[in-house]
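What follows is one structure encoded as structure tokens, with my remarks underneath.
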Amino acid sequence: MRPLPCIEIVTPSLPGSDNGNAHTAGLWAHWLAPMAQVRITTAWSGDPAAALIALHAWRSAPSIERFHAAHPGRPLAIVLTGTDLYRDLPREAGALQALRRASHLVVLQAKALQSLPPLAAHVRVIEPSARRLVRQDQARRHFDFVAVGHLRDEKDPQVLMDAARLLPETLANGLPPRVLHVGAALQPHWQRAAEIAQRELPHYHWLGAVPHHTARRWMARARALVHMSRMEGGAHVVIEAIRSLVPVLASRIDGNVGLLGSAYEGYFPPGDAQALARLMQRFAAEPAFARTLAAQCALREPRFAPAVEQAAVRALGRDLLTSSIS
């Protein structure tokens, strides 16, 4: 019996890390296992491989260059992240050069296609998926909004703190708001900001880093997810909320619009705390508006089932193993 060909996946973070790239690498390796031996590394190992999949163009650029130099005719796929598309490609020559080496490009939501420079590589959309978690009983004494994501500049945690400061003691529905912020502070200044906000704001609660299953339970019990990022390729937490039929109050950026759709009604301008606070209050005050957002999320939910992503990943794997570039 002939051995399976090898596909190497290069990711900035190995499986087991609390990181979206690490999650993607582990999941894709599992799905590709029937057709290939899959290695996961943080840099190309130099060992023989029929194809390379690189997660993150800029951070994986050295591996991309080395693999292309050693095997210029072998398939090379790059999966583009939000920082690739909306930060590094416009300003980093190395990121753009990496894209020129690719035989296949992957983006995580259709809106990202508009941000790509003209390239000869094949581009496809593979939307991330999440398992369904049934929505759970909500708090009766509070009206809970939850934000899930590590505290770093791209996630704009300050706008959530500022919006919490603008909320009234009691919402129009008679319940006090509670803003639950899940995620580790990745820089010291964000830890200080979260600690100060928690001391000063009765509505704001920073829960810090929690296991993934705990974060999902918090989300499933909330009235809505607040996703305030300034930059995203396609946030897994938004998909998890949709799969639990939890409405999303989201910054209007390409990464969110690509997942939720251009007609979705739950957007606010990125960085605008006043607009976010108004949106949170409207969501609590108008049950019909909340039902509209829930219905819009329900219409998107089937596209984020794991079976859909699995089929797309396996199609990519088959293309990589059967194609070559001159």
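The values are calculated or read from the model by the stated rules, or taken from the named source; none is laboratory data. Given the structure is predicted, the values throughout are model-derived calculations rather than measurements. Cβ atoms come from the backbone with ideal geometry, glycine included; neighbour counts cover every protein chain shown. Each accessible area value is taken on the protein alone, full model and side chains, heavy atoms only, with ligands, DNA and RNA left out. Shrake-Rupley method; radii C 1.70, N 1.55, O 1.52, S 1.80 Å.
Structure summary
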read-out: Enumeration of residues in the stretch 56-91 that are β-branched (Val, Ile, Thr) and either at pLDDT 85 or above or not in a helix (DSSP H, G or I) (or both); value: ILE64, ILE78, VAL79, THR81
read-out: Filter result (in contact with a helix residue (DSSP H, G or I) (Cβ under 8 Å, 6 or more places away or on another chain) and closer than 20 Å to ARG221 by Cβ) within the stretch 164-182; value: ALA164, LEU167, LEU171, ASN173, LEU175, PRO177, VAL179, LEU180, HIS181, VAL182
read-out: Matching residues, the stretch 21-79, being open to solvent by 10 Å² or more (accessible area, probe 1.4 Å) and in contact with a Phe, Trp or Tyr (Cβ under 7 Å, 6 or more places away or on another chain); value: TRP44, ARG66
read-out: Residues of the stretch 196-214 satisfying the condition of being part of a loop (DSSP other than H, G, I, E, B), more than 22 Å from the chain's Cα centre (by Cα) and surrounded by 15 or more Cβ atoms within 10 Å (Cβ to Cβ); value: LEU201, HIS203
read-out: Residues located in the stretch 283-324, provided they are under 20 Å from the mean Cα position of the chain (by Cα) and of a type in the set (Lys, Arg); value: ARG300, ARG303
